[in-house]
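Asks: Before I ask anything, let me first share the structure, which is written out below as structure tokens.
The values are calculated or read from the model by the stated rules, or taken from the named source; none is laboratory data. Small disclaimer: the values here were computed from a predicted structure and weren't measured. All Cβ positions, even for glycine, are placed from backbone atoms using ideal geometry, and neighbour counts span all protein chains on display.
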Amino acid sequence: MTPAWALRQEELLSDCIVSPDVFNHMVDRLCAFVVPYQHALETEAGQRNVPLYLAGLLSHLDRKNAETIAALVDVERLVMQDFIGTAPWDHRPLVKVLVGEVVDRLGEPDGVIAFDPSSFPKRGTHSVGVKRQWCGHRGKVDNCQVGVYMGYVSRHDHALLDFRFSLPEDWARDEQKRQACHVPEDVQYHTRPDQCLEMLDLWGEQVPHGWVTGDDELGRHTRFRQQLRARGERYVLGVPCNTTIRDLEAPLPAYQGRGRPPKPPWQSVTAWRNTLDPDGWTRLTVRDGEDPTATQMHGSTGVVGRHPASAVGREYVRVPGIVGCHRSGRSVSLPVLPHPDVCVRGRAGGTVAGGIGAGDQGGRLH
């Protein structure tokens, strides 16, 4: 290292020194923030230990475990260990307080409820629910745990509302694994779409919103979309690029004079995308500030999707956007923001809005 650079480094490091006094008001705000959560805890010991535990997490300690935090706040080590690791307490009252605060501060009639299954890579095999499954964090099948999250987005800000742990079906049936990880008896296997519907039923009436969103892991399930329509929800969901649709706005084939009048042919979303007139697309700049070359190609049409034989009726949808985003010479998937002007009502009373993305994995309808 040259002397000039060493001097410059010393100057930069000196600018990085922040006095602890800067954070005092932040700690005071945090203490006020946790008060309703303390009151939501059922036990007096839990209410007393919450501020002590937070004080330890925000302290100067290098290793912030139960033993070091207990020594810092001057309580018995076993007290803190019991509070963190073994004391029974219900998190649901805390979530109720959280949802109430999010609604008070961020709630808007046109807010968006966003569901998202999210994975956590793991190396071992003993953590609860861990197995080889699709790991979105790494973009491949890998060893991981998966949680299902319910978030809220409005013009003010965004926040998480609730969550569910996705316990794989083989784990739910393995009594030995359940006992080793202390999985409660009332925790059973549920599909991720069912977990989203459970959270929506629990909080949907309390949380003001105009839309429900999710990726193709949720949108590919016909029953999930039907359940949203049955609840009167407007939604933007991803579907795979090989989803079969019928373009309701395409010219009808010529009628030969016998039999039923012909209808537009069934085709995949990808094939339909390739038939659109390039001049009819609207180019939109997205991800402003991160990559100015990222753009969206936006078009629309009304379609009807083909469902399995078990599905009830047909679902009429509005596909409001083709996403053709290019970053560094390759295509990626990016979402199209929902807008109520690009929707149609289906027979079941539901509404769908979305955009088809030509991405690295073949495309998505966002």
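Asks: How about segment 189-213: which of its residues are free of Cβ contacts under 8 Å to residues at least 40 places away in the same chain and either in a helix (DSSP H, G or I) or surrounded by 16 or more Cβ atoms within 10 Å (Cβ to Cβ) (or both)?
Replies: Within segment 189-213, the first condition is being free of Cβ contacts under 8 Å to residues at least 40 places away in the same chain, and the residues that meet it are 189-191, 193-194, 197-198, 201, 205.
Hits for segment 189-213 are H190, P193, D194, L197, E198, D201.
Asks: Let me ask something else about it. Which residue pairs have Cβ atoms closer than 9 Å, lie 6 or more positions apart in sequence or on different chains, and pair a first residue in segment 3-29 that is surrounded by 10 or more Cβ atoms within 10 Å (Cβ to Cβ) with a second residue that is part of a helix (DSSP H, G or I)?
Replies: From residues that are surrounded by 10 or more Cβ atoms within 10 Å (Cβ to Cβ), the pairs are V27/L54; V27/A55.
Asks: Looking at K64, K96, which is the one that is of a type outside the set (S, T, Y) and either over 25 Å from P184 (Cα atoms) or surrounded by fewer than 13 Cβ atoms within 10 Å (Cβ to Cβ) (or both)? Please lay out each step first, then the result.
Replies: On the way: K96 fails: either over 25 Å from P184 (Cα atoms) or surrounded by fewer than 13 Cβ atoms within 10 Å (Cβ to Cβ) (or both).
Exactly one residue qualifies, and that residue is K64.
Asks: While we're on this one: In this structure, is V79 among the hydrophobic types (A, V, I, L, M, F, W, C), over 29 Å from the mean Cα position of the chain (by Cα), surrounded by 13 or more Cβ atoms within 10 Å (Cβ to Cβ) and assigned to a loop (DSSP other than H, G, I, E, B)? Before you say what the answer is, go through the steps one by one.
Replies: Numbers: among the hydrophobic types (A, V, I, L, M, F, W, C): yes; over 29 Å from the mean Cα position of the chain (by Cα): yes; surrounded by 13 or more Cβ atoms within 10 Å (Cβ to Cβ): yes; assigned to a loop (DSSP other than H, G, I, E, B): no.
When the stated conditions are applied, V79 does not pass them.
Asks: Then there is this: Picking from Q133, Q176, Q195, Q145, which residue would you name as being farther than 18 Å from E217 by Cβ and among the polar types (S, T, N, Q)?
Replies: Numbers: Q133 fails: farther than 18 Å from E217 by Cβ; Q195 fails: farther than 18 Å from E217 by Cβ; Q145 fails: farther than 18 Å from E217 by Cβ.
Every option except Q176 fails the conditions.
Asks: Moving to a separate point now. Which members of segment 46-57 meet the condition of being surrounded by 14 or more Cβ atoms within 10 Å (Cβ to Cβ) and of a type in the set (A, V, I, L, M, F, W, C)? Give the derivation first.
Replies: The first filter runs over segment 46-57 and keeps only residues surrounded by 14 or more Cβ atoms within 10 Å (Cβ to Cβ), leaving 46-56.
Scanning segment 46-57 gives V50, L52, L54, A55.
Asks: Which residue is farthest from S59 (Cα to Cα), if the candidates are limited to segment 30-45 and must be free of Cβ contacts under 8 Å to residues at least 24 places away in the same chain and among the β-branched types (V, I, T)?
Replies: Here the answer is V35.
Asks: Report every pair of residues separated by at least 6 positions or lying on different chains whose Cβ atoms are under 9 Å apart, first residue within segment 156-185 and of a type in the set (A, V, I, L, M), second exposed (fewer than 13 other Cβ atoms within 10 Å of the Cβ).
Replies: Final answer for the pair search is A159/R105; L167/Q188; A172/Q188; A180/H126.
Asks: Now, a different point. Take the residues in segment 1-41 that are in a helix (DSSP H, G or I) and among the β-branched types (V, I, T), then tell me which one is farthest from V95 (Cα to Cα). Give the steps one after another, and end with the answer.
Replies: Taking segment 1-41 first, the residues in a helix (DSSP H, G or I) are 3-15, 20-40.
After this cut, where a residue has to be among the β-branched types (V, I, T) as well, the list is 22, 27, 34-35.
Details: V22: 30, V27: 22, V34: 12, V35: 14 Å.
So, considering only residues that are in a helix (DSSP H, G or I) and among the β-branched types (V, I, T), the one farthest from V95 (Cα to Cα) is V22.
Asks: I've got another one for you. Within segment 104-144, which residues are closer than 20 Å to C196 by Cα, in contact (Cβ under 8 Å) with a residue 40 or more places away in the chain and assigned to a loop (DSSP other than H, G, I, E, B)?
Replies: G107, D110, G111, G129 - these are the residues of segment 104-144 that are closer than 20 Å to C196 by Cα, in contact (Cβ under 8 Å) with a residue 40 or more places away in the chain and assigned to a loop (DSSP other than H, G, I, E, B).
Asks: Does at least one position in segment 125-147 carry a residue that is surrounded by 15 or more Cβ atoms within 10 Å (Cβ to Cβ) and of a type in the set (S, T, Y)?
Replies: Checked segment 125-147: no residue is surrounded by 15 or more Cβ atoms within 10 Å (Cβ to Cβ) and of a type in the set (S, T, Y).
Asks: Give segment 223-261 a look and list any residue that's surrounded by 18 or more Cβ atoms within 10 Å (Cβ to Cβ) and among the hydroxyl-bearing types (S, T, Y), or say none.
Replies: The answer is Y235, T243.
Asks: A further question on this structure: How many residues are touching a helix residue (DSSP H, G or I) at 6+ places or on another chain (Cβ under 6 Å) and of a type in the set (K, R) if we restrict to segment 6-41?
Replies: The qualifying residues number 0.
Asks: Right, something else. Would you please list the contacts, defined by Cβ atoms under 9 Å and residues six or more apart or on different chains, that run from a residue in segment 217-246 that is closer than 23 Å to P264 by Cα and hydrophobic (A, V, I, L, M, F, W, C) to a residue that is in a helix (DSSP H, G or I) and modelled with pLDDT under 85?
Replies: Between residues of segment 217-246 that are closer than 23 Å to P264 by Cα and hydrophobic (A, V, I, L, M, F, W, C) and residues that are in a helix (DSSP H, G or I) and modelled with pLDDT under 85, the close pairs are V239/V269; C241/V269; C241/T270; C241/R273; I245/V269; I245/W272.
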